[in-house]
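Please treat every number below as a calculation from the coordinates, not as lab data. Just so it is clear, the structure is predicted and the values come from calculations on it, not from any experiment. Note that we place each Cβ from the backbone using ideal geometry, even for glycine, and neighbour counts take in every protein chain shown.
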Amino acid sequence: MNKIKRNKPDVFFSPNTQNSATHHAIHNCLLPLDKIASDFEQKYGPDVLPSLVSPDTASRFGSALGKLNAAIEDGDPEVVSKRADILIRGWIKMDDEATERGHKPLPPEIWTYTTEKFKLAITRTSAEAINAAKLARLKGFSFYSMEEVALILESKTLVNQTKAVFPGATIKSVSNKTLFDDDIPF
């Protein structure tokens, strides 16, 4: 008989803990770390900075990240705070080391974003998209110019109509399902 593999529930995002003092303490002490991580991922590209430093530095950073994740799972705000401070120093150390090794940030005309299934790089012009695609650190990314993004969004009339009616709305997901294209049951 095959066993069903189940993921452990995420303690931090469990509905039973989201209003607890521990949850709020952990969430708030991670905010400065998230800001630093986001800033450096915008500067170099997502998941790039550890590859620009020595193996020793990358290993230490990975170890610190693992210890932070364990502290989050254990639900210990004091340890999470300590580990978050260590990782903030780690991001800064990796940036300094990458700079010393001659690595340059992404050009400011390239904006990157990743989801679980997609890596996106957007540039102002098609020429910049072509040049960005040549950067080894952006291997696996899909490249779009602002013109291409506008043309894609122009074709998504339902999305545009929704944004017009609800200007502050954010898109959480998009599907290709056709509304009301089912058989009438009578």
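Distance between the pseudo-spin-label points of Phe118 and Asp47 (7 Å out from Cα toward the beta carbon): 1.7 nm.
With a point put 7 Å past each Cα toward its Cβ, work out how far Arg60 is from Ser126 in nm, to one decimal. Taking the two extended label points, one gets 4.8 nm.
For the stretch 89-115, the residues whose backbone nitrogen is under 15 Å from a point 7 Å from the Cα of Ser142, taken along Cα to Cβ, are 112-115. Computed from the Cβ-Cβ distance with R0 of 41 Å, the FRET efficiency linking Val165 to Asp39 stands at 0.75.
Taking a Cβ cut-off of under 12 Å around Thr57, the surrounding Lys, Arg, Asp and Glu residues balance to a net charge of -1, with basic ones at +1 and acidic ones at -1.
Under 17 Å from a label point set 7 Å out along the Cα-to-Cβ vector of Ser155, no amide N atom of the stretch 110-126 is found.
Note down the relative contact order for the stretch 72-161 as a percent, whole number, built from C-alpha pairs under 8 angstrom at least six residues apart.
Relative contact order for the stretch 72-161 comes out at 17 percent.
Within the stretch 110-165, DSSP assigns beta bridges of which about 55% are antiparallel (rounded to the nearest 5).
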